[in-house]
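The values are calculated or read from the model by the stated rules, or taken from the named source; none is laboratory data. These figures come from a predicted structure and were not determined experimentally. No Cβ is skipped: glycine too gets one built from the backbone with ideal geometry, and neighbour counts run over all protein chains shown. Ligands, DNA and RNA are stripped out before the accessible areas are found, and what is left, the full protein with its side chains, is counted by its heavy atoms. Shrake-Rupley method; radii C 1.70, N 1.55, O 1.52, S 1.80 Å.
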Amino acid sequence: MRAPTCLLLLAFVAGSLFPYYWAFLVGSQDAVSMTGATLVPGGHFLDNARRVFDTVPFWRALGNSVVVAGTVTVSTVVFASLAGFAFARARFPGRDRMFRFVVATMALPTQLGIIPLYLAMAELGWAGGLQAVIVPNLVTALGVFWMRQYTLSAVPAELVDAARVDGCSLARAYWHVCLPSVRPALAALGMFTFMASWNDFLWPLVALDADHPTVQLALERLQSGHYVDYPLVLAGTTLATVPVLLVFAAFGRRGLDGAALG
Amino acid sequence: MAAAGPGRGEDRPVRTRLAPYLLVAPFFVLFTVTGLFPLLYTGYVSLFSWDLVGDSPGFVGLANYAELLGDDRFGTALVNTLSIFLLATGPQLVVAVGVAALLDAAPRPSTGWRVAVLAPTAMSVVAVGIVFANLFGPRYGLVNAALAGLGLDPVDWQADRLAGHVAIAVMVNWRWTGYNALVVLAAMRAIPPTLYEAAIVDGAGRWRRFRHVTLPLLRPTLLFVVVTSTIGGLQVFTEPKLLDAQPGSANGGASGQFQTVALYVYQSAFETRRLGYASAVAWVLVLLVALLAWVNYRLTRRMAGVDG
């Protein structure tokens, strides 16, 4: 890479990473003596982190977020890869029209249907509980679209057809032929689904009650005091971001490769 | 799944024919029940005076829409949404293409670069809102400290209307530019090298090759990026909620100077508790998103068709 290119990229990456550093930086300051801007971390991160757990039910919020994001991720990966496989490699009447419908739905702002969705959840007695934020997100159009595109490029039609001629059912063909080839896409889809679910805010804010906070709701509650204690809030922000960064680090490479091909 | 044994020969084709539908069924059932139906039902609720906790809903026809036309708050929110959307989408597209071009200059962009470029997407919108509300803080914020260092006057990002829009657009751009750069990069990598070689033979320099080979071939991808930015950008909610100087408020600033339509939907439905009116607001936004997405989609198809 030539020097100017490298410098420009470094500047962009520095800007991309700086807010992470800033969150930790402020989160490590002494809440009492905190005044103007500084660029050197203080030694109070652990104190602030402890106060996060004292101020809001952060453990419960972490547990709830793990349950919600974990369930949503597993379910999305399973349902999206099954549907993606059917759209890519099975032949059935109405297939193309149904797939066009899937693509068209990606343009719909379904987030704006929260009012009837809330009424429905209240009617079912689910409003307030975790199932209210899990069930609507069990599979997404984007996931189905993504898995279909990847299956088209990674699973040869002849291989599936040969298996079918040998008497393999569609489910067995999915398990033995499709699944081993689409693992990178599963990693990518899983990574992005987990991040999206972990970071979701509007619907959880509407649907969950005070006893069932996710991490994002706990964070917002931290920030909602009359006086915003920034070392406390940004220590919480750092803590809330760590699990996503761990998933990102664990799946990042495979996820990015899967995403690039998909 | 009828009888086993003798009936099996006739049973199998039925199962075979049904199997693909079973595989795609979970998506269609779930989407219809939790996505499409609520969206359409929003239009129905908007015809009622519907209190979240009060009496049974009463049919009011288009009264909520009539009220909408005279509602200054809604007008302000609509202008704010479009202003933030324009401030966010334009610069984002230009920078994303620039970063993609820089990454494309390397023989094989390493995973490290790509992870770093994608890092902002991993931070939640709430976290982004909190961090940037701190950076844009009127008194101790780093941005105003930097402005002071340059000899400029501090800006009250939480009080001034345009400044608030800029701050929110910066949050949106910070989170999404890297992601879009990688989408564009993937499309750049798919351009056959022979096209560039032909352009070099014709004596085209770097800039001319970018302008006349790369950009035209990127057009479908750029429009995809524009469409997704449109759909997301018109629904901005969390950033303005967290920028508010009064924490926890859904006002979008003391005078609603950066309240977006999505924020107004939330406030009308779950704070003022007027579900019918909030649904009318939501439905107008749905139509706006659908209209802009449709326009972009038509453009994409036309241009993709022309460019092959």
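Structure notes:
- Restricting the first member to the range A:51-71 and to residues that are in contact (Cβ under 8 Å) with a residue 24 or more places away in the chain and buried (at least 21 other Cβ atoms within 10 Å of the Cβ), and the second to residues that are β-branched (Val, Ile, Thr) and outside any helix (DSSP H, G or I), the beta-carbon pairs closer than 9 Å and six or more apart or on different chains are A:ALA61/A:THR214; A:ASN64/A:THR214; A:SER65/A:THR214; A:VAL68/A:THR214; A:ALA69/A:THR214.
- Subset of the range B:114-139 [aromatic (Phe, Trp, Tyr) and either in contact with an Asp or Glu (Cβ under 8 Å, 6 or more places away or on another chain) or surrounded by fewer than 21 Cβ atoms within 10 Å (Cβ to Cβ) (or both)]: B:PHE132
For (1) in contact (Cβ under 8 Å) with a residue 40 or more places away in the chain; (2) part of a loop (DSSP other than H, G, I, E, B); (3) more than 10 Å from chain B (Cβ to nearest Cβ), each residue gets a yes or a no:
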residue: A:SER153; (1), (2), (3): yes, no, yes
residue: A:ALA171; (1), (2), (3): no, no, no
residue: A:LEU186; (1), (2), (3): yes, no, yes
residue: A:GLY190; (1), (2), (3): yes, no, yes
residue: A:PRO213; (1), (2), (3): yes, yes, yes
residue: A:VAL228; (1), (2), (3): no, yes, no
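- Near pairs, Cβ below 8 angstrom, 6+ apart or cross-chain, from the range A:1-17 (within 20 Å of B:PRO120 (Cα to Cα) and more than 7 Å from chain B (Cβ to nearest Cβ)) to any residue that is modelled with pLDDT of 95 or more and surrounded by 15 or more Cβ atoms within 10 Å (Cβ to Cβ): A:GLY15/B:TRP174
- The set of residues in the range B:224-245 being at the interface with chain A (Cβ under 9 Å from one of its Cβ atoms) and either of a type in the set (Lys, Arg) or over 10 Å from the mean Cα position of the chain (by Cα) (or both) consists of B:PHE237, B:THR238, B:LYS241, B:LEU242.
- Hey, A:ALA49 within 14 Å of chain B (Cβ to nearest Cβ) and part of a helix (DSSP H, G or I) or not: no
- Only residues that are within 14 Å of chain A (Cβ to nearest Cβ) and in a helix (DSSP H, G or I) were counted across the range B:26-77, and they come to 22.
- Identity of the residue in the range A:126-144, open to solvent by 10 Å² or more (accessible area, probe 1.4 Å) and assigned to a helix (DSSP H, G or I), that ends up nearest to the other protein chains (Cβ to nearest Cβ): A:PRO136
- Every condition in (1) more than 21 Å from the chain's Cα centre (by Cα); (2) of a type outside the set (Ser, Thr, Tyr); (3) facing chain B (nearest Cβ under 9 Å) is met by A:TRP175 except one, and the failing one is (3).
- Which numbered condition B:LEU150 fails, given (1) open to solvent by 10 Å² or more (accessible area, probe 1.4 Å); (2) facing chain A (nearest Cβ under 7 Å); (3) more than 21 Å from B:GLN246 (Cβ to Cβ): (2)
- Criterion violated by A:GLU123 - all others in (1) in contact with a Phe, Trp or Tyr (Cβ under 7 Å, 6 or more places away or on another chain); (2) away from chain B (no Cβ under 11 Å); (3) modelled with pLDDT under 95 satisfied: (1)
- Inclusion of B:ASN80 among residues that are farther than 23 Å from B:LEU292 by Cα and assigned by TED's automatic domain parsing to the domain that holds B:LEU162 is not warranted.
- Members of the range A:215-226 that are in a loop (DSSP other than H, G, I, E, B) and facing chain B (nearest Cβ under 7 Å): A:SER224, A:GLY225
- Any hit, the range B:87-100, residues being more than 9 Å from chain A (Cβ to nearest Cβ), touching a residue at least 60 places away in the same chain (Cβ under 8 Å), closer than 17 Å to B:LYS241 by Cα and surrounded by fewer than 16 Cβ atoms within 10 Å (Cβ to Cβ): no
- Hits in the range A:145-159 - residues which are buried (at least 21 other Cβ atoms within 10 Å of the Cβ) and in contact with a Leu (Cβ under 9 Å, 6 or more places away or on another chain): A:TRP146, A:MET147, A:TYR150
- In this structure, A:LEU112 does not qualify as part of a loop (DSSP other than H, G, I, E, B) and buried (at least 19 other Cβ atoms within 10 Å of the Cβ).
- Qualifying positions in the range B:51-91 - over 15 Å from the mean Cα position of the chain (by Cα) and among the β-branched types (Val, Ile, Thr): B:VAL53, B:VAL60, B:THR76, B:VAL79
- For the range B:253-260, the criterion of being assigned by TED's automatic domain parsing to the domain that holds B:LEU78 and farther than 25 Å from A:ILE114 by Cβ is met by at least one residue.
- Given (1) surrounded by 16 or more Cβ atoms within 10 Å (Cβ to Cβ); (2) touching a residue at least 40 places away in the same chain (Cβ under 8 Å), index of the condition B:ARG273 fails: (1)
- Conditions (1) more than 9 Å from chain B (Cβ to nearest Cβ); (2) open to solvent by 50 Å² or more (accessible area, probe 1.4 Å); (3) closer than 22 Å to A:SER153 by Cα; number of the one not met by A:THR76: (2)
- Among the candidates B:ILE168, B:ILE200, residue that is part of a helix (DSSP H, G or I) and either open to solvent by less than 30 Å² (accessible area, probe 1.4 Å) or facing chain A (nearest Cβ under 10 Å) (or both): B:ILE168
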